[in-house]
Amino acid sequence: MALRRSVEGGRRGSASTLLIVGLANPGEEYAGSRHNIGGDAVRLLAQRRGVRLALERRQRAVSATITTPRGPVTLAVPTTYMNESGAALPPLLTRTSLAGLTHLVVAHDDLDLEPGRLQLRLGGGLAGHNGLRSIAQVLGSQDFARLRIGIGRPTHKDQVTDYVLKRPTGARKAALELDVARAADALEVLVDTEFEVAQRQINAARD
């Protein structure tokens with residue numbers, strides 16, 4: 001809980017109105033995998049906004065800040081492995097001086113949503129996601145927002161690990177790239193409008 005108190009009362013960096021963290025595993029081995037869709041969406045948003053995600057001193061994430069109608073928004077992708085994602089948060093929160101954890105949005109893959117479906121929500125469970133679990137443990141709270149990016153489930157439960165970690169090919173690769181673009185579209189709505197407005201628009205969207 002000490003970290004949460006520091007976020008809400010001990011701000012030291014240049015304030016951002018929003019911190020968007022896209023979850024992904026580092027390295028070429030995992031590039032383009034379903035598990036990396038959150039990080040890939042944040043990287044695409046940064047590209048669209050003309051900024052380069054870079055590693056700063058003492059940070060455990062690549063990040064950049066963009067200008068939006070709502071004020072500065074920081075985009076970040078941890079450089080840790082997925083199950084250690086929470087380690088990237090303390091330096092980012094110190095740097096961005098968020099008003100509270102409700103201004104943190106984590107973009108992540110979600111097995112419980114069909115491919116192409118998106119859901120923006122505040123708080124909620126961890127759904128067995130190791131990245132979310134790590135963040136919640138470090139923050140001492142689950143009261144942060146999430147952009148859930150649907151990837152669906154494989155036919156058999158024992159295929160889940162390969163399904164999320166291996167890079168799809170052919171038509172499946174093309175479909176995943178389209179879903180990354182849709183997630184980046186949703187993040188664009190989020191950074192340019194109020195949370196509640198973005199939530200209604202994103203959650204109501206269909207293919």
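The values are calculated or read from the model by the stated rules, or taken from the named source; none is laboratory data. All values derive from a computational prediction rather than experimental measurement. Here the Cβ is made from the backbone with ideal geometry for all residues, glycine too, and neighbour counts use every protein chain on show.
Just one residue in the set L176, L190, L118 is modelled with pLDDT of 95 or more and within 30 Å of R58 (Cα to Cα); that residue is L190.
Residue by residue, here is whether (1) surrounded by 15 or more Cβ atoms within 10 Å (Cβ to Cβ); (2) closer than 12 Å to V106 by Cβ; (3) not acidic (D, E) holds:
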| position | (1), (2), (3) |
| --- | --- |
| A145 | yes, yes, yes |
| R148 | yes, yes, yes |
| H156 | no, no, yes |
| D162 | no, no, no |
| A171 | no, no, yes |
| L187 | yes, yes, yes |
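Reported count of residues in the stretch 136-166, each being in a helix (DSSP H, G or I) and either over 22 Å from V42 (Cα atoms) or in contact (Cβ under 8 Å) with a residue 60 or more places away in the chain (or both), is 12. Contact annotation: residue pairs with Cβ atoms under 8 Å, 6 or more positions apart or on different chains, pairing a residue in the stretch 119-133 that is touching a residue at least 60 places away in the same chain (Cβ under 8 Å) with a partner that is aromatic (F, W, Y), are L120/F195; L122/F144; L122/F195.
Test L132 against the criterion of being of a type outside the set (V, I, T), part of a helix (DSSP H, G or I), in contact with a Gly (Cβ under 9 Å, 6 or more places away or on another chain) and crowded, with 21+ Cβ neighbours inside 10 Å, and give yes or no. Against the criterion (of a type outside the set (V, I, T), part of a helix (DSSP H, G or I), in contact with a Gly (Cβ under 9 Å, 6 or more places away or on another chain) and crowded, with 21+ Cβ neighbours inside 10 Å), L132 qualifies. When restricted to residues that are in contact (Cβ under 8 Å) with a residue 40 or more places away in the chain and among the small types (G, A, S), the stretch 34-80 contains 6.
With respect to the conditions (1) closer than 20 Å to V42 by Cα; (2) in contact (Cβ under 8 Å) with a residue 24 or more places away in the chain; (3) of a type in the set (D, E), D185 lacks only one, and its number is (2).
What number of residues within the stretch 167-207 satisfy the criterion of being part of a loop (DSSP other than H, G, I, E, B) and in contact with a Pro (Cβ under 9 Å, 6 or more places away or on another chain)? Let's see the steps before the verdict.
From the stretch 167-207, those part of a loop (DSSP other than H, G, I, E, B) are 167-169, 193-194, 205-207; that's our starting set.
Add one more test, that the residue is in contact with a Pro (Cβ under 9 Å, 6 or more places away or on another chain), and what stays is 193.
Total meeting the criteria: 1.
Applying the set (1) crowded, with 20+ Cβ neighbours inside 10 Å; (2) in a helix (DSSP H, G or I) to P90 leaves exactly one unmet item: (1). When we screen R52, R57 for residues that are part of a loop (DSSP other than H, G, I, E, B), modelled with pLDDT under 95 and either over 13 Å from the mean Cα position of the chain (by Cα) or crowded, with 19+ Cβ neighbours inside 10 Å (or both), the only hit is R57.
Could you list all residues from the stretch 95-115 that are polar (S, T, N, Q) and not in a loop (DSSP other than H, G, I, E, B)? Step through it out loud before you land on a result.
Narrowing the stretch 95-115 to residues polar (S, T, N, Q): 96-97, 102.
Those that are polar (S, T, N, Q) and not in a loop (DSSP other than H, G, I, E, B): T96, T102.
Each residue in the stretch 19-45 was checked for being surrounded by fewer than 24 Cβ atoms within 10 Å (Cβ to Cβ), hydrophobic (A, V, I, L, M, F, W, C) and farther than 19 Å from Y163 by Cβ, and 1 pass. So, V42, is that one among the aliphatic types (A, V, I, L, M), in a helix (DSSP H, G or I) and either in contact with a Lys or Arg (Cβ under 6 Å, 6 or more places away or on another chain) or closer than 23 Å to Y30 by Cβ (or both) or not? In short, yes.
Among the residues of the stretch 140-194, what is the count of those that are under 16 Å from L113 (Cα atoms) and under 20 Å from the mean Cα position of the chain (by Cα)? Of the residues in the stretch 140-194, 18 are under 16 Å from L113 (Cα atoms) and under 20 Å from the mean Cα position of the chain (by Cα).
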